[in-house]
Amino acid sequence: MTTAFITHRDCWKHDMGAHHPECPERLGAIQDRLIAAGLDLYLTFHDAPLAEMEQLLRAHPRSYIDSLEASSPQHGIVHVDPDTAMSPGTWQAALRAAGAGVLATDLVMKKEAPNAFCAVRPPGHHAERAKAMGFCFFNNIAVAARHATEAWGLKRVAIIDIDVHHGNGTEEIFAGDEKVLMVSTFQHPFYPYCGTENPAPNMCNVPLKAGTRGDAFREVVSEVWLPRLREYAPELIFISAGFDAHYEDDMGSLGLLESDYAWVTSQLMTVAKETAEGRIVSMLEGGYALSALARSVSAHIKVLADL
């Protein structure tokens, strides 16, 4: 079995305007790098399906889903918050992004793939139950995790968020849910300026100061994340894979490198093999310096594919 790589051309059609950092070129950079590195030969490619209403409703209320669809423009760009906008291609792309996580979950649960990476956009971890924000519309990782617990009956899943920004939407959706453990690092104080005040017991949030480098990040993973994950013993691990904590990414001020992403992926692979039959579903979140993003995703996938 090989790592599943899930994407769709519709995800390129979401456009928030000229010079917006969350651009279609992100996916092109990733795929070009995979081909240049020869990694495409070791992956199984899948088209992301459209998420179904039943699947979306596990994370978002019907009123929000309907209002988002109604906001979808026929022409031009419509802003839903100052830095989050919809174009004519956004609705379909958002459905594909959420659907990718559902398909990835099905593939690993059916043992048709040991793990999966979803190269999709728009990202999802800032989307709250009823609020689009931070470039996000549907909370893709939340839709996937709820699919794992509701459709597959899993009792414990873990969400690991390595984006430079805190996954506030994921926290809001799952706070207090005993079926989900969320562990995360994020730059703080920084957008969305939350994640440190009285988190729920199932939230393991570790804020990092601007300028934090890989050695301190690895220490947090080793001393905080891994013991908590092993104690929880997740049956499936989800990764909100944001790569904007990279040293070259000026969206934030952390200093991770490709080697750090490869290392943390390896650590999570070890835990997954111990508690979850190796099952991992990773979904693209942030990462806006195109070369650094492409190199980091390549390093991440190389470990997932056990190469």
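Key figures
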quantity	calculated
Estimated Rh, the chain: Kirkwood, alpha-carbon pairs, angstrom	18.7
Selection from Ala241, Val108, Met86, by position along the positive dipole direction of the chain (Cβ)	Val108
Relative contact order computed over the chain (Cα-Cα under 8 Å; 6+ residues apart), in percent	20
Percent breakdown of C-alpha pair distances by 5 Å bin, ordered from the shortest bin, for the range 117-225	2, 12, 22, 23, 21, 13, 5, 1, 0
Highest to lowest packing among 75-87, 266-278, scored as the average C-beta count within 10 Å	266-278, 75-87
Label-point separation in nm, Met1 to Leu41, each point 7 Å along Cα→Cβ	2.4
Charge dipole (debye, nearest 20) of the chain; +1 at Cβ of Lys and Arg, -1 at Cβ of Asp and Glu	480
Antiparallel bridges, percent of DSSP beta bridges restricted to the range 3-304 (to nearest 5)	10
Gain upon complete extension [Asp81, Lys111; 0.36 nm per residue less C-alpha separation]	6.8 nm
Net charge, Ala233 excluded, C-beta distance under 14 Å - Lys, Arg +1, Asp, Glu -1	+2
Of the DSSP H helices in the chain, those whose Cα atoms cover at least 18 Å axially and whose Kyte score averages 0.0 or more	90-109, 290-304
Sequence-distant residues sharing a close amide H with Val206 (under 5 Å, placed H)	Ser184, Thr185, Phe186
Distance (nanometres) between label positions extended 7 Å along Cα→Cβ at Arg9 and Glu150	3.1
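Each reported figure results from applying straightforward, stated rules to the coordinates on display, with no laboratory input. If you're wondering where the values come from, they're calculated on a predicted model, not measured in any experiment. Note that each Cβ is placed from the backbone with ideal geometry, even for glycine, and that neighbours are counted across all protein chains shown.
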